[in-house]
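The values are calculated or read from the model by the stated rules, or taken from the named source; none is laboratory data. Note that this is a predicted model, so its numbers are computed, not measured. A quick note on method: Cβ atoms are made from the backbone with ideal geometry, for glycine too, and the neighbour counts reach across all protein chains shown.
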Amino acid sequence: MTNAPRRRFAQMLMRHAAYVMPSGGLDWGSAMQNEMQAIEDDRTALRWAIGCVIAGYNERVNATLQTWYARWALACLIALLALREFFAPVLIFTYRMQYLGLAHFLGLRTAGDDYRRLIPVMDATPAWLPILWAAAGLMYLVALWRMLHRKDGSIGPFFLAFALDLAGAVTAKSIEISTGIVVTPNLLVRAAGEVLTLFAGFLLWRMTRKKTLAAS
Amino acid sequence: MGRRAIHSRQTDRLLEALLQDPLVWQHGYALMKQTGLQSGTLYPVLLRLCDQGLLEAEWRESDRPGKPPRHVYRLTSSGRAFARDQITPEHKEAGALLGAKA
């Protein structure tokens, strides 16, 4: 064991690994830290320390995801995704049923602030497409309900909803091309929606995946 | 309800290593050398096994003067039963098949 920069860097990483370990794992942080003292080779010690930092963050993320505030933040995010799926079907329904006051109110929440800009798109939308979006919204709600009740299998409905959403998006794109009207012109907003969905899916997977080795 | 085993090949390797000398306390670094697992994989698995009551851990004074105490590990009796259950020839074959496919 030397006092070489590599060893000092490894020691610094180990202190960080012990710091990021969740409070319940403080003992484990010290265990990892002390174990490195037994490693003579600096290169191996550095690899050990890097691994411990990864383990520390892994445990920290797992612990954070089990807190009530992380659970509720994710619940709000999934609820938002469900709302987004229901928005277009409701707007199309209100327009077609001539509930124009409500259509105007909803239109204020669209790009351009006016539902009338979207009339050619809504006219060209086949009847099954809003049903598909509504089904996606329903699947998000099923995933949300299962997650909040700590039931197994919330990830399946979530990604089914995402797949339905993507299928709907492909059809909607062809409608946009045929009518020449872009519903959401801001590419950043469109991309953010998909990124947010995938992020929520990742968090849901991390939160609900089995950490047990054996369950009776 | 029957026992559902949710485990990984890394867990199998660790269980196998711990089962070789089940009553002997082992250090984390020794387990890393024995299993070939990196510390970033090894410690989360050790932690889970401890949480499940399959592994016991305690502090031991280092045999070298001036060195801090070290954590040592060994399987509990339920851990030994679980490990024997997991490290059966069928499990090994399945693991080897998965490894070959990967």
Quick check: anything in the range A:156-171 in contact (Cβ under 8 Å) with a residue 24 or more places away in the chain, in a loop (DSSP other than H, G, I, E, B), of a type in the set (S, T, N, Q) and more than 15 Å from A:Leu77 (Cα to Cα)?
no
Could you tell me whether A:Trp28 is in contact with a helix residue (DSSP H, G or I) (Cβ under 9 Å, 6 or more places away or on another chain), within 15 Å of B:Gly28 (Cβ to Cβ) and either facing chain B (nearest Cβ under 8 Å) or not basic (Lys, Arg) (or both)?
yes
Among the polar types (S, T, N, Q) and touching a helix residue (DSSP H, G or I) at 6+ places or on another chain (Cβ under 6 Å), is that true of A:Thr94?
yes
A:Leu74 fails exactly one of (1) of a type in the set (A, V, I, L, M); (2) without any contact (Cβ under 8 Å) to a residue 60 or more places away in the chain; (3) crowded, with 17+ Cβ neighbours inside 10 Å, namely (2)
Listing of helices (runs of 4 or more DSSP H) fully contained in the range B:5-102 that carry 2 or more residues being at pLDDT 85 or above and within 13 Å of chain A (Cβ to nearest Cβ):
B:9-20, B:28-35, B:39-51, B:77-86
Tell me which residues, restricted to the range A:87-100, are surrounded by fewer than 18 Cβ atoms within 10 Å (Cβ to Cβ) and within 20 Å of A:Ala161 (Cβ to Cβ).
A:Phe87, A:Phe93
For the range A:198-213, indicate whether the set of residues that are outside any helix (DSSP H, G or I), at pLDDT below 95 and more than 14 Å from chain B (Cβ to nearest Cβ) is non-empty.
no
